[in-house]
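In what follows, a structure is listed as structure tokens, so that the remarks can point back to it.
The values are calculated or read from the model by the stated rules, or taken from the named source; none is laboratory data. Note that the structure is a prediction, hence the values are computed from the model and not measured. Here the Cβ positions follow ideal geometry from the backbone for every residue, glycine too, while neighbour counts run over all protein chains shown.
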Amino acid sequence: MKKHLSIAYGIAAVALAITAPGAAGIAGAQTKPPPPSALRPYAFPKVEQFTLANGLKVILVEKHTLPVVGGRVIIDAGAMREPASKNGLASLTGRLLSEGTGDITGAELARRMETMGASYNAGGAFSNSFADVVALKNVFAEALTLAAQTVIAPSLPANEFGRVKNQALAAYQQRRAQASGLASDAFVRAAFDSTAPFSRPAAGTTATITGLTRDDVVNWHRTMFAPSAATLLLVGDITPAEARAVAQRAFGGWTASSAAMSPVTNKAQKYNGTRIILVDRPGSVQSSVVIGQAGFQATDSDYLSMLALNHVLGGAVSSRLNTNLREKHGYTYGIFSGLDLRSGAGAYQVSSEVRTNATDSALVEAIGEYRRMGTEVVPGSELGGAVNNLVASFPSSVQTVQALT
């Protein structure tokens, strides 16, 4: 069996599995866990929106349990917007935002944030570029104003460009040295058309990163970073009046403009039947297995149904896949599935690292569970347990300012 494995496998029928749940008895006597208690009521915090005069959209979520406020500015300048030949440009620009502004160096920026006890982070991802800051209420306005300058007027210093670029190259090489990185890249190339942004690594490749220059970064920031292309999220112990004041203080003077951008499309590959891709990596002690298909977005009408289906198949420790391959057969430490949702595209994937000498057996079991979701009705008790788990765990997943942001 090859040492490294990635598979694109159709799952169009999977969504049908939960449309007609039925009850199924459990054969034989066995010890049952106690029934779950009634779900606790949960009210999501009120969401308010307003727009500054320069076009910056602000979204406010009040949460006054602790004197903490989080802010995230999101710019429509992710990797999906960059030319294929400049793959990695958004990520590289995001890495450089924290290296200082026209007034202070990156080291001084870090020192000032540390003095305030604030956490700060910036970067460039597939869908957007961003800067995050979390601080106590009494210093949040100052921390946000400082973070805003890394977005509005970063220095993008020439003396740091080479180092940050080398870090990006090293990160890509490290990813390629891992079985999971090779499998993931092979999957998206197989699932999406070569013209689709989703088919490329968001952080770039050795070839594309090597060709990037500081002028590319400066031009990208100048053309893509503008208030009309940005959204500021404010979450925590902050009132609407305070939110308007801190947003205006931090971003009110931002006057850059950007061209109107069209929606991004990610064309999926079309195949008849199952496509199997083998990537040999000699010396690997494990095989990386990826099973899935392009498709599914958060805007799809069956999105919530897919969340429930995924929880049954591979979205939890007690899922069918993990119970079969880990608990029953011992092929892997864990196997999970999930929806990879991005702007203009999405993919559904099952992934795991399995013992090399059990790769074929693990694959048979995984695909068997995959197919069973499309051919058998999920028992009502199993589906109900998955839905209850999703609903009951949601409040704890958004209990902090950082999680809400």
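List of remarks:
- Helices (runs of 4 or more DSSP H) lying entirely in the stretch 290-404 (those with 3 or more residues that are within 30 Å of residue 71 (Cβ to Cβ)): 303-313, 380-397, 401-404
- For the stretch 308-318, residues that are buried (at least 16 other Cβ atoms within 10 Å of the Cβ) and either under 16 Å from residue 392 (Cβ atoms) or outside the structural domain of residue 352 (by TED's automatic domain parsing) (or both) total 5.
- Considered as a group, the residues in the stretch 49-80 that are closer than 20 Å to residue 258 by Cβ and among the polar types (S, T, N, Q) include one that is surrounded by the most Cβ atoms within 10 Å (Cβ to Cβ), and that residue is 54.
- Scanning the stretch 140-198 for residues that are free of Cβ contacts under 8 Å to residues at least 60 places away in the same chain, surrounded by fewer than 19 Cβ atoms within 10 Å (Cβ to Cβ) and in contact with a Leu (Cβ under 8 Å, 6 or more places away or on another chain) turns up just one, 176.
- Applying the set (1) touching a helix residue (DSSP H, G or I) at 6+ places or on another chain (Cβ under 8 Å); (2) modelled with pLDDT of 95 or more to residue 374 leaves exactly one unmet item: (2).
- Within the stretch 213-227, tally of residues that are farther than 15 Å from residue 81 by Cα and surrounded by fewer than 22 Cβ atoms within 10 Å (Cβ to Cβ): 4
- Positions within the stretch 372-405 being under 15 Å from residue 310 (Cβ atoms) and among the acidic types (Asp, Glu), in sequence order: 382
- Those helices (runs of 4 or more DSSP H) of the stretch 188-261 in which at least 3 residues are touching a strand residue (DSSP E or B) at 6+ places or on another chain (Cβ under 8 Å), considering only elements entirely within it, cover 240-251.
- Residues that are buried (at least 21 other Cβ atoms within 10 Å of the Cβ) and more than 20 Å from residue 188 (Cβ to Cβ) within the stretch 349-363 comprise 354, 362, listed in sequence order.
- Any hit, the stretch 157-176, residues being in contact with an Asp or Glu (Cβ under 7 Å, 6 or more places away or on another chain), assigned to a loop (DSSP other than H, G, I, E, B) and within 30 Å of residue 104 (Cα to Cα): yes
- Check on residue 288, buried (at least 16 other Cβ atoms within 10 Å of the Cβ), over 30 Å from residue 354 (Cβ atoms) and outside the structural domain of residue 126 (by TED's automatic domain parsing): no
- Residue in the stretch 224-238 that is among the polar types (S, T, N, Q) and over 26 Å from the mean Cα position of the chain (by Cα) present: no
- Qualifying residue in the stretch 238-245 (condition: closer than 20 Å to residue 94 by Cβ and surrounded by 14 or more Cβ atoms within 10 Å (Cβ to Cβ)): no
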